[in-house]
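**Q** Below: one structure in structure tokens.
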Amino acid sequence: MRREKSQELITERNNKIKETLKSLIFPSVLAAIIFGLVFFVINYQNIEQPEEIVEIRAFAGDEKPIVMENDDLKFTMDPLTTQFTVEVKESGKVWYSNPQDAADDPIALPEEKNKLQSPLIMSYAVETGLETTLNCYDMSIANGIYEIEQGDDYVRVDYSIGNVEKEYVIPPVMTMDSYKKWTAEMDDSDVNVVSQYYKKYDINKLSPKDDKDELLANYPELANQKLYILRSNTKEAVRKKLQGIFEDAGYTYEDFTADKELDLSERSSDKPIFDISMIYRLDGDDMTVEIPFSDMQYKSDYPIYTLTPLPYFGCGGTEDTGYMMVPEGGGSIINFNNGKVSQNNYYANVYGWDMCLTRKAVVHNTRTYYAAYGIANGDDSFVCVLEDGRSYAAIQADVAGKNHSYNFVNAIYSICQREQYDVGDIANSDVYKYLDSLPDESLALRYSFISGNDYVDMAKDYRDYLKDKYGQYLSMNTDSNAPVVIEVVGAVDKVKQVVGVPVSRPLKLTTFDEAGEMVTTLHDEGLNNISVKLSGWCNGGVKQKILKKVHVNSKLGSKKDLQELADTIGGMGANLYLNGITQYAWDSDITDGFFSYTDAAKLISKERVKLMEYSRTTYAQRDDLDPYYLLHTDIAGQLSDNLSAQAQKYGVGASFENDGRDLSSDFYRKNPHSRESVSKLQEERFKGLDSTKVMINMGNDYAVPYVDVVTEMDLRGSEYTILDEYIPFYQLALHGYIDYTGKPINICGNSEEAILCAAEYGAGLSYTIMKESAYILQKTLYTEYYGSEFDSCHKDIDETYNRYNSELGHTFNQEMSSHVKLTETVSCTEYEDGTRVYVNYGYEDYAADGVTVPARDYLVVR
């Protein structure tokens with residue numbers, strides 16, 4: 001019995017031991033894993049990262065001017081400042097890269113004077129988002145840390161920009177003999193100073209802290225003899241004192257050069273240093289400037305945020321007469337010294353906002369749809385056209401009397417874009433993620449010089465540039481009637497209750513049959529040269545679902561009905577365009593073929609680009625509205641192809657709601673696209689649609705040569721206070737080559753003003769119509785269509801167009817030859833055949849050139 005009981009106790013004890021061991025297995029394994037991870041992290045963090053070294057340039061030239069010349073221009077650079085002049089041989093006009101008397105500007109602070117003397121201004125940023133501006137005069141030229149290279153057809157300036165440690169003429173390394181030689185010429189106090197800051201090294205008697213291999217690598221002569229080496233932590237004030245001591249002892253620059261050969265160490269600084277190159281060329285009567293991304297060097301902790309090349313080229317002083325032309329709307333004038341020193345400066349993003357960069361509020365969207373600006377100074381002028389890299393630019397301009405005495409306009413480029421991280425409570429400041437690397441691209445600007453100071457001459461020069469660049473794609477049209485665009489709204493979305501659940505459903509506004517009847521009525525009543533844009537015809541409504549698959553909206557009719565509409569419109573000599581959204585996904589999910597994790601574009605932070613609409617009252621995001629997504633560039637390209645295929649299927653044109661207007665980058669990890677590369681993709685896609693008629697909105701300059709109609713072009717732009725005049729610069733260049741219209745007249749808010757603006761800018765007319773009553777739009781988000789009810793507006797359309805066409809229809813196959821502002825409210829536009837169009841925005845009649853222009857009206861004189 002005792003044995004059996006003892007055996008039971010042993011067995012029970014063994015079972016408990018086994019259970020205890022089993023219970024320890026998981027904690028032991030987990031502890032081992034944690035230990036391994038800790039070991040890896042510690043060792044990984046101890047891996048020495050290669051130090052980022054930015055090469056520092058040094059000027060080694062002389063004072064001899066650097067000259068580059070052709071039959072039209074002479075370029076002369078001062079090698080001591082890298083400032084230059086461009087002489088136009090035809091007129092004798094000399095343009096300066098920087099104002100000549102900048103250093104003596106009576107109102108500029110020292111920092112502003114340095115900027116005025118800089119051919120290049122840049123800024124860099126850090127992880128917290130803090131931005132610092134540097135100018136190349138103070139941070140490069142004054143320190144001689146730049147190089148100039150002249151080739152057969154170029155002048156290249158390589159700048160190192162930053163707070164580089166000044167070079168003092170003192171020996172970095174001395175042999176025993178040199179040390180005795182120089183100290184023998186010094187008094188005891190000076191010898192005492194020198195002995196404190198030069199450490200004696202004997203390779204056979206090193207201290208435990210000394211790294212023998214490193215010392216021999218940096219100072220190979222140490223293997224043969226003892227050396228005195230300047231301590232690396234010697235401050236600038238001490239170096240300056242040592243320079244005086246050695247100079248008194250007879251130490252020369254030749255001695256310094258010889259001693260530097262003993263020092264092979266590469267000293268680097270934690271301070272931000274940047275290498276940027278500017279390449280100048282003469283091309284006929286143009287000067288070009290190139291800044292290659294591949295030549296930019298900077299430390300990853302200090303990414304280049306912005307660049308402003310030639311910020312003050314051609315600027316005007318307080319005694320000069322002239323103006324700046326900025327690309328606001330069709331064009332705008334800022335007169336020199338206009339006295340508006342209390343107003344904000346002019347600033348506008350080329351092609352608008354990049355939707356792949358987040359923003360928390362929108363007060364006002366700045367945008368230009370062409371990338372050019374100009375200056376008229378005295379009797380001459382120039383136009384600067386942004387070429388490569390223009391999608392990264394913004395145009396900025398200001399008048400004299402604020403920070404300095406000069407009127408200027410320039411382009412500022414965004415280089416390393418950034419994204420703010422939401423770090424919540426773990427950080428007390430903002431944290432930003434910057435673009436890891438730059439694309440293999442360049443910035444390029446072209447300056448075209450004109451013997452004349454009229455913006456009409458500047459616009460004609462720009463027209464010649466476009467014609468040379470695009471050739472056959474930009475040819476004169478054959479219109480004999482004024483173009484008119486009729487947008488027919490098929491359907492919109494409206495929230496309805498389905499079994500008590502709010503669901504978005506298409507709301508019919510115009511069937512295909514009704515669309516055909518309305519367009520036929522307009523045609524029969526005199527409208528010619530009609531382009532019909534059909535919106536909301538598929539995938540739901542105006543804010544359509546993603547176009548991966550195209551479903552004709554059955555509430556509007558069948559595919560057969562759509563084909564009959566196409567045939568009806570084509571039969572009357574008009575053109576039908578199917579409108580589609582190709583860059584965004586509205587109200588779409590997996591059932592529509594949209595999976596946001598793979599189909600949406602990515603931010604720099606690699607999050608999906610989820611977009612919100614903004615309140616016009618608070619400017620903040622509207623959380624009561626559903627978000628939508630910016631599509632991955634490749635997906636957007638597929639949707640554009642799908643839209644084009646549908647247009648070709650029905651034998652009609654394609655109308656792109658976004659392409660040619662919106663331009664966004666995409667930081668998708670596996671296949672990123674820069675904003676510039678996306679513009680090239682859009683351009684190539686339009687170029688490939690030569691057999692399909694194409695309509696776009698707004699009309700970005702890279703797309704316009706390849707399309708047939710541009711709608712909703714922003715003719716006048718925003719009326720910023722700093723602007724003095726509004727001019728049709730872009731329209732002077734394009735009229736007769738491309739049909740374009742402003743915003744729809746009947747729903748723009750001021751139809752009278754819109755008609756007058758169209759007459760001045762040589763634009764066609766545009767209208768938006770629907771068959772249903774405006775009352776059906778109650779409790780929807782589409783109140784902008786209230787004025788589009790066909791039965792209410794079609795009579796006004798007929799009357800307005802028939803008058804406009806009878807008086808102006810013959811001008812649409814002609815170039816615009818002149819434009820002049822007679823008063824603040826009266827203008828005169830002239831065409832090749834001598835036709836003059838007077839427009840009076842004022843509220844009183846105006847008598848000019850023997851004719852009277854009625855108030856709030858236009859008058860055509862042939």
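The values are calculated or read from the model by the stated rules, or taken from the named source; none is laboratory data. Computed from a predicted structure; not experimentally measured. Heads up, the Cβs are rebuilt from the backbone with ideal geometry, glycines too, and the neighbour counts pull from every protein chain shown. Ligands, DNA and RNA are excluded from the accessible area calculation, which covers all protein heavy atoms including side chains. Shrake-Rupley method; radii C 1.70, N 1.55, O 1.52, S 1.80 Å.
**Q** Just to be sure I understand the filter: pairs with C-beta atoms under 7 Å, separated by 6 or more residues or on different chains, first member in region 624-652 and open to solvent by less than 10 Å² (accessible area, probe 1.4 Å), second member modelled with pLDDT of 95 or more and among the polar types (S, T, N, Q). Which pairs pass?
**A** Once the first residue is open to solvent by less than 10 Å² (accessible area, probe 1.4 Å) and sits in region 624-652, its partners that are modelled with pLDDT of 95 or more and among the polar types (S, T, N, Q) give Leu630/Gln583; Leu630/Ser664; Leu631/Gln583; Leu639/Thr582; Ser640/Thr582; Leu643/Thr582; Ser644/Thr692; Ala647/Thr692.
**Q** Return the residues of region 116-135 that are touching a residue at least 60 places away in the same chain (Cβ under 8 Å) and under 16 Å from Asp78 (Cβ atoms); say none if nothing qualifies.
**A** Leu116, Ser118, Pro119, Leu120
**Q** Kindly indicate whether any position in region 141-163 is part of a helix (DSSP H, G or I) and either closer than 28 Å to Ala444 by Cβ or open to solvent by 30 Å² or more (accessible area, probe 1.4 Å) (or both). Spell out how you get there, then give the answer.
**A** First pass over region 141-163, keeping only residues part of a helix (DSSP H, G or I): 141.
Subset that is either closer than 28 Å to Ala444 by Cβ or open to solvent by 30 Å² or more (accessible area, probe 1.4 Å) (or both): 141.
Within region 141-163, one or more residues are part of a helix (DSSP H, G or I) and either closer than 28 Å to Ala444 by Cβ or open to solvent by 30 Å² or more (accessible area, probe 1.4 Å) (or both).
**Q** Quickly run through region 391-413 and pick out the residues that are under 19 Å from Tyr124 (Cα atoms) and surrounded by fewer than 22 Cβ atoms within 10 Å (Cβ to Cβ).
**A** Ala394, Gln396, Ile412, listed by residue number.
**Q** Which condition breaks for Ile170 when tested against (1) open to solvent by 20 Å² or more (accessible area, probe 1.4 Å); (2) over 30 Å from Ala125 (Cα atoms); (3) assigned to a loop (DSSP other than H, G, I, E, B)?
**A** In the conditions (1) open to solvent by 20 Å² or more (accessible area, probe 1.4 Å); (2) over 30 Å from Ala125 (Cα atoms); (3) assigned to a loop (DSSP other than H, G, I, E, B), Ile170 misses (1) alone.
**Q** Next question. Would you pick out the residues in region 668-726 that are β-branched (Val, Ile, Thr) and open to solvent by 50 Å² or more (accessible area, probe 1.4 Å)?
**A** Keep residues of region 668-726 that are β-branched (Val, Ile, Thr), which gives 678, 692, 694, 696, 704, 707, 709-711, 721-722.
Across region 668-726, the qualifying residue is only Thr721.
**Q** For a quick check of your reading of the model, give me the residue pairs whose first member lies in region 324-346 and is more than 17 Å from Gly314 (Cα to Cα), whose second is polar (S, T, N, Q), with beta-carbon atoms closer than 7 Å and at least 6 apart or on different chains.
**A** Note: pairs meeting the criteria are Pro327/Thr368; Glu328/Thr368; Glu328/Ser718; Gly330/Gln731; Lys340/Thr721; Gln343/Thr721; Asn345/Gln396; Tyr346/Gln396.
**Q** Would you mention how many residues in region 662-678 are within 20 Å of the chain's Cα centre (by Cα) and either in a loop (DSSP other than H, G, I, E, B) or on the phi > 0 side of the Ramachandran plot (or both)? Explain how you work it out, then say what you get.
**A** Step one: filter region 662-678 for residues within 20 Å of the chain's Cα centre (by Cα), giving 662-668, 672-678.
Retained after the next criterion (residues that are either in a loop (DSSP other than H, G, I, E, B) or on the phi > 0 side of the Ramachandran plot (or both)): 662-665, 667-668, 672, 674.
Here the count works out to 8.
**Q** Mind checking which pairs have a first residue in region 282-303 that is over 30 Å from Lys271 (Cα atoms) and a second that is among the basic types (Lys, Arg), Cβ under 8 Å, 6 or more apart or different chains?
**A** Between residues of region 282-303 that are over 30 Å from Lys271 (Cα atoms) and residues that are among the basic types (Lys, Arg), the close pairs are Asp283/Arg446; Asp286/Arg446; Met287/Arg281; Met287/Arg446; Thr288/Arg281; Thr288/Arg446.
**Q** Next question, about the same structure. Filter region 60-79 down to residues that are modelled with pLDDT of 95 or more and of a type in the set (A, V, I, L, M) and give me whichever is surrounded by the fewest Cβ atoms within 10 Å (Cβ to Cβ).
**A** Val67
**Q** Just give me the residues in region 61-115 being over 16 Å from Pro311 (Cβ atoms), without any contact (Cβ under 8 Å) to a residue 12 or more places away in the chain and of a type outside the set (Ser, Thr, Tyr), in sequence order.
**A** Matches in region 61-115: Val67, Gly92, Val94, Asp104, Pro110.
**Q** Can you spot a residue in region 593-611 that is within 21 Å of Asp708 (Cβ to Cβ) and open to solvent by less than 60 Å² (accessible area, probe 1.4 Å)?
**A** Within region 593-611, not a single residue is within 21 Å of Asp708 (Cβ to Cβ) and open to solvent by less than 60 Å² (accessible area, probe 1.4 Å).
**Q** Something else about it: Picking from Ile738, Ile755, which residue would you name as being under 38 Å from the mean Cα position of the chain (by Cα), closer than 20 Å to Val853 by Cβ and among the aliphatic types (A, V, I, L, M)? Even if it seems obvious, please write down each step before you answer.
**A** Working: Ile738 fails: closer than 20 Å to Val853 by Cβ.
One residue alone meets the criteria, Ile755.
**Q** Name the single residue that is nearest to Asp187 (Cα to Cα) among those in region 247-266 being open to solvent by 80 Å² or more (accessible area, probe 1.4 Å) and more than 48 Å from the chain's Cα centre (by Cα).
**A** Going through the qualifying residues, I end up with Asp248.
**Q** What is the number of the single condition among (1) β-branched (Val, Ile, Thr); (2) in contact with a helix residue (DSSP H, G or I) (Cβ under 8 Å, 6 or more places away or on another chain); (3) over 22 Å from Ile530 (Cα atoms) that Ile797 does not meet?
**A** (3)
**Q** Separate question: So which of Asp626, Asp589 is at pLDDT below 95 and within 19 Å of Val492 (Cβ to Cβ)? Before you say what the answer is, go through the steps one by one.
**A** Numbers: Asp589 fails: within 19 Å of Val492 (Cβ to Cβ).
Of Asp626, Asp589, the one residue that is at pLDDT below 95 and within 19 Å of Val492 (Cβ to Cβ) is Asp626.
**Q** Being under 20 Å from the mean Cα position of the chain (by Cα) and either part of a loop (DSSP other than H, G, I, E, B) or hydrophobic (A, V, I, L, M, F, W, C) (or both) is the filter here, so list the residues in region 287-296 that pass it.
**A** The answer is Val289, Ile291, Phe293, Met296.
**Q** Can we say Thr318 is under 20 Å from the mean Cα position of the chain (by Cα) and modelled with pLDDT of 95 or more?
**A** Working: under 20 Å from the mean Cα position of the chain (by Cα): no; modelled with pLDDT of 95 or more: yes.
Against the criterion (under 20 Å from the mean Cα position of the chain (by Cα) and modelled with pLDDT of 95 or more), Thr318 does not qualify.
**Q** What strands (runs of 3 or more DSSP E) completely inside region 81-140 contain at least 3 residues that are out of contact with any Gly (no Cβ under 7 Å at 6 or more places or on another chain), of a type outside the set (Gly, Ala, Ser) and modelled with pLDDT of 95 or more?
**A** On the way: elements: 84-88, 94-96, 120-125, 131-135.
In region 81-140, the matching strands (runs of 3 or more DSSP E) lie at 84-88, 120-125, 131-135.
**Q** In region 472-504, how many are of a type outside the set (Asp, Glu), under 38 Å from the mean Cα position of the chain (by Cα) and over 26 Å from Val709 (Cβ atoms)?
**A** The qualifying residues number 3.
**Q** Sticking with this one: Looking at region 326-337, which of its residues are polar (S, T, N, Q) and open to solvent by less than 40 Å² (accessible area, probe 1.4 Å)?
**A** Quick first cut of region 326-337, residues polar (S, T, N, Q) only: 332, 335, 337.
Within region 326-337, just Ser332 meets the criteria.
**Q** Another question about this same structure. Against the definition (open to solvent by less than 30 Å² (accessible area, probe 1.4 Å) and closer than 20 Å to Arg505 by Cα), how does Ser615 come out, yes or no? Give the steps one after another, and end with the answer.
**A** Numbers: open to solvent by less than 30 Å² (accessible area, probe 1.4 Å): yes; closer than 20 Å to Arg505 by Cα: no.
Here the answer is no, as Ser615 does not meet what is asked.
**Q** Still on this structure: Out of region 297-311, which residues are open to solvent by 20 Å² or more (accessible area, probe 1.4 Å) and assigned to a loop (DSSP other than H, G, I, E, B)?
**A** Residues satisfying the conditions are Tyr298, Lys299, Ser300, Asp301, Tyr302.
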